[in-house]
Amino acid sequence: MASNAAVLEGPKQVVSGRAGGAVARGIAIGYLSLVVLLPLAALIWSSRAEGLDSFWHQATRPEAVAALKLTLGVAAVCALVNAVAGTAIAWVLVRDRFPGKGVVDSVIDLPFALPTIVAGLTLLALYGPGGPFGFDVAFTRLGLLVALLFVTLPFVVRAVQPVLLELDTEMEEAAASLGAGSFAVFRRIVFPNLLPAILSGVALAFARAVGEFGAVVLISGNIPFKTEVSSVYIFGQLQSGNGTGAAAVSVVLLTISLGVLLLIGAFRRWRTRHDHV
Amino acid sequence: MRAIWIALLGVALLAGSASGASKGGSIDLVAYSTPKDAYGKIISAFQKTRPGNGVDVSQSYGASGDQARAVAAGQDADIVALSLDPDVNLLVGKGLVPKNWSANSHKGIVSDSVVVFVVRDGNPKKIKGWGDLIKPDVQVITPNPFTSGGARWNVMAAYGAQRRAGKSDKQAIAYLYKLFKHVPVQPDSARVALQIFAQGKGDVLLTYENEAMYAEKKGVHTQYQTPKNTLLIETPVALTKRGLKKPAAKAFYKYLWSATAQKAFADQGYRPVLKSVAKTYHFYKPAGLFTIDTTKLGLNGWVKVNKRFFHPEKGVMAKVERSIGQ
């Protein structure tokens, strides 16, 4: 097959489109099934083990609903803060020159390398009772947000950075020469170019915030209806031998997250629809 | 080519030495996390005895409930050491541990402890008994009983102490409602609760005596009070059906009640169950000590207690948790 394609002397893309493409597709489908789809299917399967009534009952228990609302709310706030702060950080890293920039650039990824439980412990020591700044947010919803901001920091920065690097400054200069103020330049030229990247970073940050466990289990007080997020609630149900309840809430959480991700994706495609003409 | 031969030879040598080390057989110990140091010492002492000579003990430590579920899901285990009976019973239900696992002279209990109050140095809020925990301005730290199996000991100590003081079942449950109004944080495990208390949160920490002693040893500025009425914590060990087939596992299981092993537990703050060893350690014996099987206080063993208090939906504690949040 491969040699056949070579004899045809077609353009390279055609070769990879036939033989290589099939292999890649096979790997992609096989890998995705094994690593993502099968576990998710098993989760959905186990959530309905005791019937649909039981699923609905478990998913709509007041504790579960309260935890779900809190989780989605905090994750949304976290994603929004990231959208602004992450873009600003990316901007500084690309457009500014300052000593130690390389180090700062590497530090951005540290929250990924740190086991999240260690992150929780560190934040607790800093912003908890007896912390050095006298700024005690531990065991409150604000503490929850702080922990999530920490673990989701890299997403928007790393999504926006490469786009900003590629962005031609000529357009901005042209706009400036025509009398546009710096805010107008940002709003009309830079922002529209960055928006798709910001959105994909936001989507990732949101998804991560929804599922985070390690960092929040320490810093949230785990009080039902107040500071208990879904991941901690699910953990509690598992520990108490209520596997169906845990699976039911997980499925609801996944479904809502999937919906949000699809919406963001659709919006992104709509924004970039002209790029593919 | 030569390099490959040398490498193969090396592998063969390694394999040879590995099988040589385990000529006495190997056993898998799956345990909850806090007694890790004690087991480390017990294992090296065991390997110096005749039945333990050349026996490899592979050890796994983690949260008690997680460990039980891992074994239920297929993790190899000859001996399980867990923090409370229900975790062992989970394995009985799966057919991995025989029903009569507690049928030895110590009822399968390898060490004891009691529920104590850890307070700040000098006990500034003068906390002595259970009544002091529900005074205004007192914050109590206890793990969440649904995420931490161990936290259930605290809840049952609180309930039992009320009954021991002459209160009715209804009054004792009302006490639990009041107590949990004073709990600002419910960490997911006993160790994390200690960590948070050490950070400066709360006035009292409800925990095991051995954890309180561990905190003192680690230099946390605390002291602990043993209330007059409190619950005896009993930690079980069981041989699995797999372990029953191995002479080495059976020997190790028996060794856990030897004087050497019991001393190792006592040195880590656990109350030994062997009388001859217990005599040489001076653990304070509270006047109103009761167990999870003290039926006249409404405590009818873990199976019934779990169902009544810790059912994730209908349990007493599920309702208590709901009441504090709403």
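Using only the Cα atoms of the range B:270-326, build the gyration tensor, take square roots of its eigenvalues as a ≥ b ≥ c, and label the shape rounded, prolate or oblate: rounded if a/c is under 1.5, else prolate if a/b is larger than b/c, else oblate. Prolate is the answer for the range B:270-326, as a/c is 1.5 or above and a/b outweighs b/c. With a ≥ b ≥ c the root eigenvalues of the C-alpha gyration tensor of chain A, is it rounded (a/c under 1.5), prolate (a/b larger than b/c) or oblate? Oblate shape, in that a/c is at least 1.5 and b/c is the bigger or equal ratio. GNM on chain A, alpha-carbon springs under 10 angstrom: the most fluctuating residue among A:Val190, A:Val103, A:Val151 is A:Val103. Helix B:36-46 and the long axis of chain B differ in direction by around 40°, with both axes built from C-alpha atoms.
Where in the range A:60-95 does the label zone of A:Arg271 land, with the point 7 angstrom along Cα→C-beta and an amide N cut-off under 20 Å? Once the point is set 7 Å along Cα→Cβ of A:Arg271, A:75-95 turn out to lie under 20 Å by backbone N, inside the range A:60-95. For the range A:52-276, give the magnitude of the charge dipole about the Cα centre (Cβ charges: +1 Lys/Arg, -1 Asp/Glu; no others), in debye to the nearest 20. About 320 debye. What the phi angles of the range A:77-90 give under the Karplus curve with 6.51, -1.76 and 1.60, with θ = phi - 60°, is a coupling list of 4, 4, 5, 5, 4, 4, 4, 6, 5, x, 5, 4, 5, 4 Hz, glycine and proline written as x. One decimal place: the segment A:Glu50-A:Val103 gains 13.8 nm when fully extended, by the rule 0.36 nm per residue minus the C-alpha distance.
Taken along the Cα-to-beta-carbon direction at a fixed 7 Å, the label points for A:His57 and A:Leu178 span 6.6 nm.
Note on B:Ala165/B:Lys304: beta-carbon distance plugged into 1/(1 + (r/R0)^6) with R0 of 25 Å gives a FRET efficiency of 0.70. So what's the angle, to the nearest 10 degrees on a 0 to 90 scale, between helix B:316-325 and the longest Cα principal axis of chain B? Once rounded, the angle reads 60 degrees.
By DSSP, the beta bridges lying fully in chain B are antiparallel in about 55 percent of cases. Think of it as helices only: each DSSP H run of n ≥ 4 in chain B is worth -39500 (n - 2.57), and spread over all residues that comes to -12500 deg cm²/dmol at 222 nm.
Overall dimensions of chain B, expressed as equivalent-ellipsoid semi-axes from the Cα gyration tensor (√(5λ), whole Å, largest first), are 39, 21, 20. In plain terms, chain A is cut at each of the GluC sites (Glu not before Pro) found in a DSSP loop with at most 16 other Cβ atoms within 10 Å, and the longest leftover piece is A:51-277.
The trypsin sites (Lys or Arg not before Pro) of the range B:181-280 meeting both criteria, a DSSP state outside H, G, I, E and B (loop) and at most 15 other C-beta atoms within 10 angstrom of the site's C-beta, are B:Lys218, B:Lys228, B:Lys245, B:Lys279. Shape call for the range A:59-217 from the C-alpha gyration tensor, a ≥ b ≥ c root eigenvalues: rounded (a/c under 1.5), prolate (a/b greater than b/c) or oblate? Prolate shape, in that a/c is at least 1.5 and a/b is the bigger ratio. Springs join every pair of Cα atoms under 10 Å in this Gaussian network model of chain B, and among B:Pro136, B:Pro272, B:Pro51 the largest mean-square fluctuation is at B:Pro136. Based on C-alpha pairs under 8 angstrom that are at least 6 apart in sequence, chain A has a relative contact order of 28 percent.
Loop-located trypsin sites (Lys or Arg not before Pro) in the range B:53-119 (DSSP state other than H, G, I, E, B) with a sparse environment of at most 16 neighbouring Cβ atoms within 10 Å: B:Lys94, B:Lys99, B:Lys107. Under the combined filter of DSSP loop state and at most 12 neighbouring Cβ atoms within 10 Å, the range A:50-159 retains these chymotrypsin sites (Phe, Trp or Tyr not before Pro): A:Phe133, A:Phe135. To the nearest Å, what is the center-to-center distance of the range B:285-326 and the range B:91-112, using C-alpha atoms only? After rounding, the separation between the Cα centres reads 22 Å.
Taking the highest mean first, how do the peptides B:83-89, A:75-81 order by number of other beta carbon atoms within 10 angstrom per residue?
B:83-89, A:75-81
Readers should treat all values here as calculations from the given coordinates under stated rules, not as data from a laboratory. Since this is a predicted model, take the numbers as computed values, not measurements. Heads up, the Cβs are rebuilt from the backbone with ideal geometry, glycines too, and the neighbour counts pull from every protein chain shown.
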